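See structure below.
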Amino acid sequence: MDFPEARRAVLSLLRGVRARERPRLLRWMRTSSDFDELISSNDDAVLKSIAEDLRHSLPTEAMLNSEPLAIQKLNQQTKPTVHIDAFLYDDDCIDSLCKEGKMSRNFCLSCGSHQTAPLEFISHSFSIAELKFLYQHVLPDLTGKIVVDVGSRLGAVLFGGYFYSSASQIYGVEMNADFCHLQEVIVAKYQLDDRIKVLNADICTQASLLQNADVVVMNNVFEYFLDRSEQARSWEFISQNVRKKGSLLVTVPCLEESLSDLQVNIQLNHWVESMPLDYDVFLEEDIDRDALEQISLYRII
Ligand SMILES: C[S@@+](CC[C@H](N)C(=O)[O-])C[C@H]1O[C@@H](n2cnc3c(N)ncnc32)[C@H](O)[C@@H]1O
């Protein structure tokens, strides 16, 4: 059954329900978790298993000594901030860790008192829900297409692309060799090498890869990992090489925000066209709407 047929069938069923029972039925449809198993799939289960493997290979904060600048930038935030990787830890995982005392959602306002305030969280990866939204609702059918994830870190965008899209080649470019090794271990264990390739490189050495890509994904790539002059240089390189007409660029945050504090000569209106996104199509339970709204989609003109 396609969507219009299914919609007609649901409406016809609702019309057949006794009028006084209808509100109860509608409330159940809106709030019940009985539909969860229809929405989650075997692909979700494999991604969760990958996340579990990665959790066992990383410290809880999922940051490495080989990224001192990222650790320093996290510690310099104006509000107390912790890194919790959203691909590795969903809300249930965070709750369990908080119960075990291994993680906290709050910090102490004055040491020794019971006064606390919420910590700021940042994630250096997309969550599984965000990946599903990206591949199933934001991007078109990717059959035969090439996806490039700039700064692939744990490989979340690569693994999401493998299971939630039909992209023929999915490239991850990551400058940190330790993260590349982690991605390679997963690619080998789950036999994903027919469609996923991981390159340990600075994206600024990958002109032809960017020139040939149909979709380029950039989730907060440079801000926490490069100083401002390197960020500016990298964005100039991206804007000079992501040029294939009609190809798509996904960014978090939007380009205006990413470029706002940088000295760059990039004329957005000559490079990209912003594409509106419908955030209401995504019905997953407990979805972080704010996180989805950070995702922007552009078409190269
Ligand atoms: C926020 S993470 C993005 C993770 C992943 N793309 C995702 O969405 O789940 C950014 C990653 O980009 C990498 N990175 C930063 N600058 C880079 C560059 N010039 N070339 C390659 N990788 C870079 C960092 O090492 C970091 O692992």
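Remarks
- Tabulated pairs, region 201-229, first closer than 23 Å to Lys73 by Cα, second polar (S, T, N, Q), C-beta under 7 angstrom, 6+ apart or interchain: Ile203/Ser234; Cys204/Ser234; Met218/Thr251; Phe222/Gln231; Phe222/Ser234; Glu223/Gln231; Leu226/Ser234
- Every pair of residues 6+ apart whose Cβ atoms lie under 8 Å, when the first sits in region 38-59 and is over 16 Å from Arg153 (Cα atoms) while the second is among the aliphatic types (A, V, I, L, M): Ile39/Leu283; Asp44/Ile128; Lys48/Ile128
- The strands (runs of 3 or more DSSP E) found wholly in region 188-283 and carrying at least 3 residues that are surrounded by fewer than 16 Cβ atoms within 10 Å (Cβ to Cβ) occupy 272-275.
- Qualifying residue in region 229-236 (condition: in contact with a Pro (Cβ under 6 Å, 6 or more places away or on another chain), within 16 Å of the ligand (Cβ to nearest atom) and not assigned by TED's automatic domain parsing to the domain that holds Gln76): no
- One residue from Gln206, Gln169, Gln211 being on the phi < 0 side of the Ramachandran plot, in contact with a helix residue (DSSP H, G or I) (Cβ under 9 Å, 6 or more places away or on another chain) and more than 11 Å from the ligand (Cβ to nearest atom): Gln211
The values are calculated or read from the model by the stated rules, or taken from the named source; none is laboratory data. A quick note: this is a predicted structure, and the numbers were derived from the prediction, not measured. In this analysis, Cβ positions are derived from the backbone assuming ideal geometry, glycine residues included, and neighbour counts consider all displayed protein chains.
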